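The values are calculated or read from the model by the stated rules, or taken from the named source; none is laboratory data. This one's a predicted model, so the numbers in the text were calculated from it and none came from an experiment. Here the Cβ positions follow ideal geometry from the backbone for every residue, glycine too, while neighbour counts run over all protein chains shown. We work out accessible area using only protein heavy atoms, side chains counted, and drop any ligands, DNA or RNA first. Shrake-Rupley method; radii C 1.70, N 1.55, O 1.52, S 1.80 Å.
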Amino acid sequence: MIPYWLLSCLLYLSISSPKLSEAKQKATVLITGGGGYIGSHTIAEMLDDKYSVVVIDNLSNCYAFNDTEKPESLKRVEMLTKKKVIFHNTDIRDSSGLNKLFKSYKFAAVIHFAALKSVSESVRKPVEYYENNVAGTNSLIQAMKNNNVKKLIYSSSATVYGSPQYLPLTEKHPTGQNITNPYGKSKYFTEEILKDLSYSDNEWKIILLRYFNPVGAHPSGLIGEDPTDIPNNLMPYLSQVAIGRRNHLDVFGSDYPTPDGTGIRDFIHITDLAIGHLRALEKLTNPAFKGCRAYNLGTGKGYSVLELVKAFERVSGRRINYKLTERRKGDLAIVYADPKLAEKELNWIAKRYIDQMCEDTWRWQRQNPNGYQSDQDEP
Ligand code: NAD
Ligand code: UFG
């Protein structure tokens, strides 16, 4: 039987508009961690925009049939875009592997997604997080330097702001204070290393993209977020409750100083986030751009946990069982971005709002009830 996701791929391709294949191909970009959630969606947008990509990933958090095959997410991106993705199973800490790669291709820039990202795991395994995220980035920038590739986009996070001193969060808000876990600190330390690097050598051009809360999936339903374990984050947990993989959602805290007592976050659609990387690439390759600059990628609007639950129920037509429980340690009450700097300097603005985030997540979840390993029809 043909899997449901493959049928929907064929349908999506048949109704999506034909591509202007004659337009000139753009530069080749090295993508680290491109098999993962944000990387795969960004690659889909980049291929559509005529960039070529070479992807490295160590498969620690994305599904591949075996060690020698490219991640399933990237096979689906190839189907979706009808373009080829070159893939190497390489770790960012493998200096000799990286050097070989830099000698084999001519990269115009690097987009660096590869990192471990579980807040709770980072509390249990801090050394592994610093080793992978901080030392791993050092190894990458050393290889870039050795091979004279000095343009970098780094996946940072709103977590670098710690507990907000004011809202919305602008890029001028202090960073590095009151960060409650090693994952967040690894993002902050790496930002500091990259800033020092750009002060030390003015040939480096670096953009730090501080993501708020990425959610949603590609509108085709072919690629999406595929947690390999019990989801830590709200949206994947919520959608697994909706599909019946989990019994109920624990809502962590209902006594925050917010209108309904639950935490408020700036949820941003993954396609908007992916497009933010294209705008950042354009900025980076503009000769006028110098140094290291941080940009928030968020919508500027916060939604509470219960508002997201209600929106998901509305678009999915399913009732979400939830229980109000204790606050989760280290969580903040309200976090949302001021995205005006990205609008002004990157010409980027988030266009997709809460219902579309839920609709696209639900389509991905329905078509792939067990993520990329799924070969079942729609339940
Ligand atoms: P993800 O886990 O889905 O993707 C990361 C990818 O990197 C995975 O495929 C993993 O296998 C790979 N990887 C990890 N360590 C590696 C190593 N040493 N060498 C090579 N590959 C390695 O995560 P994501 O959600 O796509 O996040 C991408 C980036 O964005 C990360 O740097 C993350 O910290 C950052 N970020 C994510 C969020 C979020 O909510 N998803 C928010 C803020 C920032
Ligand atoms: N939440 C629940 N139940 C769950 C999961 C989450 O109620 O099962 C709540 C949290 O308490 C919080 C909100 O949903 O109020 C959002 O939680 P997430 O775990 O989805 O996201 P966080 O804001 O905690 O963190 C995310 C990423 C970090 C990133 C940060 C940037 O996980 O990597 O956004 O703002 F750094």
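Here the condition is being at pLDDT 95 or above and either open to solvent by 10 Å² or more (accessible area, probe 1.4 Å) or assigned to a loop (DSSP other than H, G, I, E, B) (or both); of Ser186, Ser220, Ser156, it holds for Ser220 alone. The set of residues in region 343-353 being away from ligand 2 (no atom under 16 Å from the Cβ) and crowded, with 17+ Cβ neighbours inside 10 Å consists of Leu346, Trp348, Arg352.
Out of the residues in region 159-177 meeting the condition of being within 14 Å of ligand 2 (Cβ to nearest atom) and open to solvent by 40 Å² or more (accessible area, probe 1.4 Å), tell me which one is nearest to Tyr211 (Cα to Cα). Looking at residues that are within 14 Å of ligand 2 (Cβ to nearest atom) and open to solvent by 40 Å² or more (accessible area, probe 1.4 Å), I get Thr159. When region 311-342 is limited to residues that are under 24 Å from the mean Cα position of the chain (by Cα) and open to solvent by 90 Å² or more (accessible area, probe 1.4 Å), the one that is farthest from Pro236 (Cα to Cα) turns out to be Lys340. Residues in region 142-153 that are more than 19 Å from the chain's Cα centre (by Cα), within 16 Å of ligand 1 (Cβ to nearest atom) and either among the β-branched types (Val, Ile, Thr) or open to solvent by less than 10 Å² (accessible area, probe 1.4 Å) (or both): Ala143, Met144.
Listed here are the residues, each with its yes/no results for (1) within 30 Å of Arg76 (Cα to Cα); (2) touching a His at 6+ places or on another chain (Cβ under 7 Å); (3) of a type outside the set (D, E, K, R); (4) within 12 Å of ligand 1 (Cβ to nearest atom).
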residue: Ser186; (1), (2), (3), (4): no, no, yes, yes
residue: Phe189; (1), (2), (3), (4): no, no, yes, no
residue: Asp196; (1), (2), (3), (4): no, no, no, no
residue: Tyr199; (1), (2), (3), (4): no, no, yes, no
residue: Asn202; (1), (2), (3), (4): no, no, yes, no
residue: Leu208; (1), (2), (3), (4): yes, no, yes, yes
residue: Tyr211; (1), (2), (3), (4): yes, no, yes, yes
residue: Pro214; (1), (2), (3), (4): yes, no, yes, yes
residue: Pro219; (1), (2), (3), (4): yes, no, yes, no
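Do we have Leu140 as within 25 Å of Ala274 (Cβ to Cβ), in a helix (DSSP H, G or I), in contact (Cβ under 8 Å) with a residue 24 or more places away in the chain and away from ligand 2 (no atom under 16 Å from the Cβ) here? Yes: the conditions hold for Leu140. Taking the conditions (1) more than 28 Å from Lys50 (Cβ to Cβ); (2) away from ligand 2 (no atom under 16 Å from the Cβ); (3) part of a loop (DSSP other than H, G, I, E, B) in turn, Ser96 satisfies each one other than (3).
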